[in-house]
């Protein structure tokens with residue numbers, strides 16, 4: 001029961017050196033029978049060592065496609081443009097052989113559904129040791145020892161028995177922990193977690209969050225946390241990027257997103273999520289639904305649902321800096337430089 | 001907006017349940033010959049449901065909350081010492097003879113798309129309950145009733161001849177709700193009605209349910225794993241763990257001063273959308289997973305993960321203590337002094 005992880009503000013420890021991972025003007029297009037669709041538009045961000053970026057958005061906001069583009073895992077009919085600089089080298093659209101030197105060992109990803117992302121035919125041992133044997137040419141014995149150690153670190157009871165089991169023998173939380181263990185085996189610099197706890201219960205989610213924090217403090221891993229859960233973002237992130245309709249709506253330090261909100265969408269999102277800490281029963285739903293890629297509004301994607309929308313919103317709003325607030329607070333809205 | 005608490009204790013309950021049990025036979029054999037064991041998904045739950053209230057049911061996956069709803073609906077067989085819907089004693093009545101109750105108790109399911117028949121259009125889906133329970137209606141009358149219901153759930157007449165795959169998740173869930181309310185039932189059991197929806201759509205559906213409750217004087221049983229959602233919609237909340245009721249109480253008290261350590265642990269586990277507080281929060285986590293319901297712990301089912309557990313908890317199952325302010329099953333409750 002007793003496992004208390006103290007969380008201190010991370011930003012102070014984040015190295016101030018140049019960024020570890022930098023994404024510049026990323027665009028993702030899909031070629032479909034109905035024509036070309038754009039899933040991600042002109043997205044840029046940078047991540048320093050030991051920093052956590054939270055990416056928030058609803059389905060269809062382009063958050064997962066951004067991550068898949070960075071990992072070179074897009075579907076066959078997709079095309080990515082722009083730059084993904086990892087330690088200064090562009091890794092976007094590299095040939096698979098070169099890309100494999102970076103993704104896996106340096107950039108690792110944990111997927112949303114722990115049920116379908118493990119191979120049901122292979123025992124955990126084989127699936128875990130494969131990582132090290134492929135990426136680090138480790139011998140079977142070395143790989144086994146390292147994998148066992150990692151399972152212990154993730155507080156999995158009886159790692160040996162775990163090794164000899166198949167994925168279906170575990171609960172969702174255990175499977176997700178195994179996925180995280182696999183991703184961390186090669187000690188990556190960046191861990192991309194795409195909705196890692198969405199399928200899990202809150203008590204298990206809290207265990208996974210504590211685990212990620214602990215690993216980050218021990219190894220200085222940078223984390224990109226993709227989620228729709230604002231609570232999760234608040235508990236883990238240093239900077240937060242809010243996405244909608246394939247565009248970045250607001251991007252700032254976590255505190256500024258929550259306490260100094262500028263974009264009407266971010267504000268609406270914060271107000272529409274039921275929260276435990278709110279005493280009153282006020283819940284302001286956003287009317288309408290998120291736009292589909294097939295008929296994206298020509299201007300600001302949020303305009304059809306926005307209370308502040310007017311004629312200006314027929315044109316896309318460029319990302320601009322907040323003039324009077326904290327540094328690095330970007331938002332894309334024609335209106336209001338005052339807090340939304 | 002604030003739900004008014006309608007629970008006056010003297011009121012006659014709509015539903016009375018005592019010692020409700022749901023068992024599933026499962027094959028526990030590793031060899032060739034099947035060996036059947038009983039998995040008890042709901043073990044001895046008793047409560048009352050009052051007219052006009054919303055009873056929230058929370059718990060982790062596998063705690064038996066869906067089985068409870070299905071048993072109350074009469075979709076799966078159950079045993080109980082008392083099960084009484086609207087003065088009809090159904091304790092030992094076989095499921096086939098529940099007919100009249102099914103009309104007054106409807107259900108909304110979790111997955112909005114897969115709970116609608118993909119081969120029926122919206123008109124047929126929503127009018128199906130009418131065809132079953134009111135066979136005397138003409139086609140025009142049915143269509144008029146469907147259109148009226150569609151407007152009530154915030155959809156337009158234009159979706160009438162569309163099929164479920166043409167609609168979004170939020171629209172499908174509205175159709176699921178329309179299907180549930182067209183017979184003007186007294187009670188709706190909602191089994192995770194918003195957990196498959198996007199956050200901005202979630203709030204719309206919650207508001208719709210609340211509005212319908214006001215307009216039609218509905219009684220809701222709202223099942224969810226999301227404590228914040230349950231807090232927003234419920235008047236009273238039941239916390240379940242491994243098929244057992246751990247705590248039942250008025251929302252305000254249960255969320256502010258939980259008596260059961262499990263309720264407290266659940267509340268602690270929810271991250272708050274407030275980075276300044278979250279960063280400095282020290283977690284007291286529940287370790288491990290829920291024990292297998294095939295092999296539940298003896299004594300209090302929660303003692304294997306509880307930080308207040310002692311020898312007594314492992315030996316003896318705590319009985320459910322009901323009082324005016326709080327009801328819980330625990331030997332060592334967190335009581336405010």
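Nothing in this text is a laboratory measurement; each read-out follows from the coordinates by a stated rule. Predicted, not measured: the structure shown is a model, and the values here were computed from it. Here the Cβ positions follow ideal geometry from the backbone for every residue, glycine too, while neighbour counts run over all protein chains shown.
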Inset, instruction - Please determine, in degrees from 0 to 90 and to the nearest 10, the orientation of helix B:199-216 with respect to the longest principal axis defined by the Cα atoms of chain B, where the helix direction is its Cα long axis. - result: 70 degrees
Inset, instruction - Work out the mean other chain Cβ neighbour count within 10 Å for the residues of B:193-203 and drop it here as an integer. - result: 6
Inset, instruction - Please average, across the residues of A:87-96, the number of beta carbons from any other chain that are within 10 Å of each residue's own beta carbon, and give a whole number. - result: 0
Inset, instruction - Enter the angle in degrees (range 0 to 90, nearest 10) between the Cα long axis of helix B:139-152 and the first principal axis of the Cα atoms of chain B, meaning the one along which they spread out most. - result: 50 degrees
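Give me the Kirkwood hydrodynamic radius of the protein assembly as shown, using the inverse of the mean 1/r over all pairs of distinct Cα atoms, in Å to one decimal.
On the way: mean 1/r = 0.0370 Å⁻¹.
Every distinct Cα pair counted, the radius reaches 27.0 Å.
Roughly speaking, what is the stretch gain from residue A:142 to residue A:31, that is 0.36 nm per residue apart minus the C-alpha to C-alpha distance, in nm to one decimal? Show your work: numbers first, answer last.
Numbers: separation 111, 0.36 × 111 = 39.96 nm, distance 4.44 nm.
Additional length available on full extension: 35.5 nm.
Quick one: pull the percentage of alpha-carbon pairs in the range A:175-214 with a separation above 12 Å.
Working: 473 of 780 pairs.
Value for the range A:175-214: 61 percent of Cα pairs lie more than 12 Å apart.
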Inset, instruction - Evaluate E = 1/(1 + (r/R0)^6) for residue B:276 and residue A:328, where r is the Cβ-Cβ distance and R0 equals 22 Å; express this FRET efficiency to the nearest 0.05. - result: 0.75
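Return the tail of the calculated pair distribution for the range A:21-237, meaning the percent of Cα-Cα pairs more than 33 Å apart.
Values: 3406 of 23436 pairs.
Value for the range A:21-237: 15 percent of Cα pairs lie more than 33 Å apart.
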Inset, instruction - With r as the distance between the Cβ atoms of residue B:134 and residue A:314 and R0 = 45 Å, compute the FRET efficiency 1/(1 + (r/R0)^6) and round to 0.05. - result: 0.35
Legend entry - Degrees between helix B:122-133 axis and first principal axis of chain B (Cα, 0 to 90, nearest 10): 80 degrees
Inset, instruction - Could you work out the mean count of beta carbons from other protein chains within 10 Å of each residue's beta carbon in B:220-232? - result: 3
Inset, instruction - Take peptides A:31-44, A:89-102, B:64-77 and line them up by average Cβ neighbours within 10 Å, highest first, as a rough protection proxy. - result: B:64-77, A:31-44, A:89-102
Legend entry - chain B - Rg over Rh from alpha carbon coordinates, Kirkwood radius: 0.98
Inset, instruction - Report, to two decimal places, the Cα Rg of the range A:108-220 normalised by 2.2 N^0.38 Å (N = number of residues). - result: 0.98
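Please give the FRET efficiency for residue B:28 paired with residue B:163, using the beta carbon to beta carbon distance and R0 = 60 Å, rounded to the nearest 0.05. Could the numbers behind the result be given before it?
Numbers: r = 42 Å, r/R0 = 0.70.
Efficiency computed from Cβ-Cβ geometry: 0.90.
Averaged over all directions, how much area does the convex hull of the C-alpha atoms of the range A:244-331 cover when projected, in nm²?
Details: hull surface 26.5 nm².
With the hull built on Cα positions only, its mean projection is 6.6 nm².
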